[in-house]
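Note sheet for the following structure.
The values are calculated or read from the model by the stated rules, or taken from the named source; none is laboratory data. None of the values given here were measured: they were computed from a predicted structure. Note: ideal-geometry Cβ built from the backbone for every residue, glycine included; neighbour counts use all protein chains shown. Please note that ligands, DNA and RNA were not included when accessible areas were found on the heavy atoms of the full protein model with its side chains. Shrake-Rupley method; radii C 1.70, N 1.55, O 1.52, S 1.80 Å.
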Amino acid sequence: MVENKNIFEIRDFNIYYVDFKAVSNITLDIEAYRITAIIGPSGCGKSTLLRSLNRMNDLITTSRVEGKVFFKGIDIYHRDTDVIELRKRVGMVFQKPNPFPSSVYENVAYGPRIRGINKKSLLDEIVENALIRADLWKEVKDKVHESGMSLSGGQMQRLCIARSLAQEPEVLLFDEPTSALDPISTANIENLLQELQKTITIVIVTHNMQQAARISNYTAFMYLGELIEFGDTDTIFVNPHHKLTEEYITGRFG
Amino acid sequence: MALKWQTREKAVEIIVTSVGFLSVIVLLLIGFFLFKEAFYIFYKAGVLKVLFGTAWYPTYEPPSFGMFPLIMGTVAVTVLTAIMAIPLGLATAVYIAEIAHYKVKEILKPLVEMLASFPSVVLGFFGMVVIAPILSSWLSPIISERLPELLRSTNLPFVSTTLADMCYDKLFIASGLNISTAALMLSVRAIPIISSIAEDALTAVPRTYREASYSLGASKWETIWRVVIPSSVSGLSVAVILGIGTIIGETMIVLMVAGGAAVIPLWIFDPARPMPSAIAAEMAEAPYQSLHYHALFGVGAILFLITFLLSLISDFVSRKYRAIRIGEKI
Ligand SMILES: Nc1ncnc2c1ncn2[C@@H]1O[C@H](COP(=O)(O)OP(=O)(O)O)[C@@H](O)[C@H]1O
Ligand SMILES: [Mg+2]
């Protein structure tokens, strides 16, 4: 049997908030070691779908799902699935940089610590590696014991990425990671994502179509909770099949 | 039209400012009066003699105004209460803010807030007529008679001899009106105060911190313990400090159930006369401008200084942690 190149397989998937159907009947494959972008007008369910991939939606008590999501063949909504383990393997970076109110070091060491790693030398190594991978080490190596809150917005976001990377995730989910950042920080993060793609799978929700076009391999276009079109980013942007997709990417609504 | 609007604005400003100033001035005057009346006793009897004197006999001839037993009464009652109320109050807050199902929370939160404003005279009364008799006539025989008997019958070394004798001696409750009963009732007063302030502090922790923690694969407990509690330390400390402040200033409960003896309490079943109860009990009988009158103001001044210090500490703590949160220093 050939190795399955899809890391996520989403099948007939619905997500409700109480009775409101926010994500409707989605079937979608996400390929490993690629960047998949989810685009669509705001309120169309992008975040909801993204958060369902590592079950962050569980935190919203009114939300409920139907259908299946497989992560490497594991049915993640099965009741025997270990959510904690899932979230260690599928990390998430949020729209607004959200470092903990502690030092840069402690922010990155948080994940390893909850995995039970307490040895100083090992933690030092993990923290340094994660900061290097997030392209932040050069800027913070002399102030790892200063507050993570004292960094600039772009640095904070890279700190959050480093914090996730310290868990050695297989997938990182990004929910509009640059929408609160200036253009230079945005470019830095985009470069970083393309670098990270060599070692992990990335799913990114973005409001910014140029961003999707620049960095992603695949693009999913959602509208009113439904997946309208999915395919190669080039195809979606150059030669969309669906009229709605075309209207959206040419900026006729959004 | 424009002028009229500005005049109105100005008038409102003046009214609000003067009302604000008025209450500050009244407070300052009260403070001034307190210290003016208190000064005389320290001047007349000597600061050290008043603070550390162990005999509080204000109506004897010659009178003696050693406040140390009163101060130690307050300290003892406060420490005992803090041991019970701080852990319980904080645990209640964590339960309501983090663990309780939202339907339970909907009931529990207003209930606790209601308890926080429960009249203390009712608590004092309840302690006096219910808790105190239970302690002296039900609990005391069990722990100071039956327990030693049981221990003696084990025939174990130490347990059947020394420990049994110790129980017999120490666990006998001569009167239900003692610092333990007071601490118990004070806890009922302090727990809701601590837990409602602490609960607000926990709830105020940004959702984004919890999300970050969960997204890294932390469990609920790890998130509460390593993220939510550390990031609300300032609010939690303020809750504890205000709780302790309330205990120290609480008058009715200690007046009714602490036993009233102006001696230094040395054991948990000893009676005491904490500072507020001394003032409340004696002010009416102290002749105006007598030494006794000034001595009671002296007690009041010390009490004021202690609670003032506590609120300074709580202010300092919340400032310090706010600075950390916005990344000023760490
Ligand atoms: N916690 C929630 N409770 C109820 N409705 C929600 C909640 N979160 C999102 N929604 C609704 O679900 C829909 C999709 O939201 P979202 O996934 O955040 O959209 P997007 O990320 O594409 O802007 C919206 O209509 C939104 O109002
Ligand atoms: Mg969104």
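Summary table
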item: Test: residue in region A:172-180 that is surrounded by fewer than 19 Cβ atoms within 10 Å (Cβ to Cβ) and touching a Gly at 6+ places or on another chain (Cβ under 7 Å); result: yes
item: Only listed residue being open to solvent by 20 Å² or more (accessible area, probe 1.4 Å), in contact (Cβ under 8 Å) with a residue 60 or more places away in the chain and more than 16 Å from ligand 2 (Cβ to nearest atom), chosen from A:Gln155, A:Gln197; result: A:Gln197
item: Count of region A:200-219 residues which are without any contact (Cβ under 8 Å) to a residue 24 or more places away in the chain and within 16 Å of ligand 1 (Cβ to nearest atom); result: 0
item: Given (1) out of contact with any strand residue (DSSP E or B) (no Cβ under 6 Å at 6 or more places or on another chain); (2) farther than 16 Å from A:Cys160 by Cβ; (3) open to solvent by less than 60 Å² (accessible area, probe 1.4 Å), index of the condition A:Pro101 fails; result: (2)
item: When residues of region B:202-226 are limited to those that are open to solvent by less than 10 Å² (accessible area, probe 1.4 Å) and hydrophobic (A, V, I, L, M, F, W, C), the one farthest from the other protein chains (Cβ to nearest Cβ); result: B:Leu202
item: Breaking point among (1) under 28 Å from A:Asn14 (Cα atoms); (2) crowded, with 19+ Cβ neighbours inside 10 Å; (3) touching a Gly at 6+ places or on another chain (Cβ under 7 Å), for A:Val69; result: (3)
item: Every residue from region B:201-225 that is under 28 Å from the mean Cα position of the chain (by Cα) and in a helix (DSSP H, G or I); result: B:Ala201, B:Leu202, B:Thr203, B:Ile224, B:Trp225
item: Where a residue in region A:36-58 is touching a residue at least 60 places away in the same chain (Cβ under 8 Å) and its partner, wherever it lies, is part of a helix (DSSP H, G or I) and near ligand 2 (Cβ under 9 Å from one of its atoms), with Cβ under 8 Å and at least six apart; result: A:Ile38/A:Lys46; A:Ile38/A:Leu50; A:Ile39/A:Lys46; A:Gly40/A:Lys46
item: Residues located in region A:36-66, provided they are more than 8 Å from ligand 1 (Cβ to nearest atom) and among the small types (Gly, Ala, Ser); result: A:Ala37, A:Ser52
item: Pairs with Cβ under 8 Å, 6+ apart, first in region B:12-31 and at pLDDT below 95, second in a helix (DSSP H, G or I); result: B:Gly31/B:Phe304
item: Some residue of region B:232-251 being farther than 21 Å from B:Gly53 by Cβ, among the polar types (S, T, N, Q) and within 14 Å of chain A (Cβ to nearest Cβ); result: yes
item: Members of region A:167-193 found to be of a type in the set (A, V, I, L, M, F, W, C), more than 16 Å from ligand 1 (Cβ to nearest atom) and closer than 21 Å to A:Lys72 by Cβ, listed by number; result: A:Val171, A:Leu172
item: Boolean, B:Phe52 is under 15 Å from B:Ile302 (Cβ atoms) and either charged (D, E, K, R) or in contact (Cβ under 8 Å) with a residue 24 or more places away in the chain (or both); result: no
item: A:Val203 vs. criteria of a type in the set (Val, Ile, Thr), within 16 Å of ligand 2 (Cβ to nearest atom) and within 14 Å of chain B (Cβ to nearest Cβ); result: yes
item: Residue that is in a loop (DSSP other than H, G, I, E, B), aromatic (Phe, Trp, Tyr) and over 21 Å from A:Lys5 (Cα atoms), where the choices are A:Phe253, A:Phe237; result: A:Phe253
item: Single residue of region A:1-34 satisfying the filter (under 18 Å from A:Thr201 (Cα atoms) and of a type in the set (Phe, Trp, Tyr)) that is most open to solvent (accessible area, probe 1.4 Å); result: A:Tyr33
item: Selection from region B:128-164 of residues that are among the acidic types (Asp, Glu) and more than 34 Å from the chain's Cα centre (by Cα); result: B:Glu149
item: Subset of region A:37-75 that is within 16 Å of ligand 2 (Cβ to nearest atom) and among the β-branched types (Val, Ile, Thr) - its residue that is nearest to the other protein chains (Cβ to nearest Cβ); result: A:Ile60
item: Region A:102-142 - residue that is outside any helix (DSSP H, G or I) and touching a helix residue (DSSP H, G or I) at 6+ places or on another chain (Cβ under 7 Å) and, of those, farthest from the other protein chains (Cβ to nearest Cβ); result: A:Asp135
item: Only listed residue being touching a Phe, Trp or Tyr at 6+ places or on another chain (Cβ under 9 Å) and assigned to a helix (DSSP H, G or I), chosen from B:Tyr40, B:Tyr95; result: B:Tyr40
item: Enumeration of residues in region A:171-194 that are polar (S, T, N, Q), within 16 Å of ligand 2 (Cβ to nearest atom) and more than 13 Å from the chain's Cα centre (by Cα); result: A:Ser179
item: Yes/no for A:Lys96 being away from every other protein chain (no Cβ under 13 Å), within 16 Å of ligand 1 (Cβ to nearest atom) and within 24 Å of A:Met156 (Cα to Cα); result: no
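Residue by residue, here is whether (1) within 18 Å of A:Ser47 (Cβ to Cβ); (2) touching a Ser or Thr at 6+ places or on another chain (Cβ under 8 Å); (3) modelled with pLDDT under 95 holds:
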{"position": "A:Cys160", "(1), (2), (3)": "yes, no, no"}
{"position": "A:Asp175", "(1), (2), (3)": "yes, yes, no"}
{"position": "A:Leu181", "(1), (2), (3)": "yes, no, yes"}
{"position": "A:Ala187", "(1), (2), (3)": "no, no, no"}
{"position": "A:Leu192", "(1), (2), (3)": "no, no, no"}
{"position": "A:Leu196", "(1), (2), (3)": "no, no, no"}
{"position": "A:His207", "(1), (2), (3)": "yes, yes, yes"}
{"position": "A:Ser216", "(1), (2), (3)": "yes, yes, no"}
{"position": "A:Glu226", "(1), (2), (3)": "yes, yes, no"}
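Residue by residue, here is whether (1) at pLDDT 95 or above; (2) open to solvent by 40 Å² or more (accessible area, probe 1.4 Å); (3) out of contact with any helix residue (DSSP H, G or I) (no Cβ under 9 Å at 6 or more places or on another chain) holds:
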residue: B:Ser231; (1), (2), (3): no, no, no
residue: B:Leu242; (1), (2), (3): no, yes, no
residue: B:Met256; (1), (2), (3): yes, no, no
residue: B:Ile264; (1), (2), (3): yes, yes, no
residue: B:Pro276; (1), (2), (3): yes, no, no
residue: B:Met283; (1), (2), (3): no, yes, no
residue: B:Gly298; (1), (2), (3): yes, no, no
residue: B:Ala301; (1), (2), (3): yes, no, no
residue: B:Leu309; (1), (2), (3): no, yes, yes
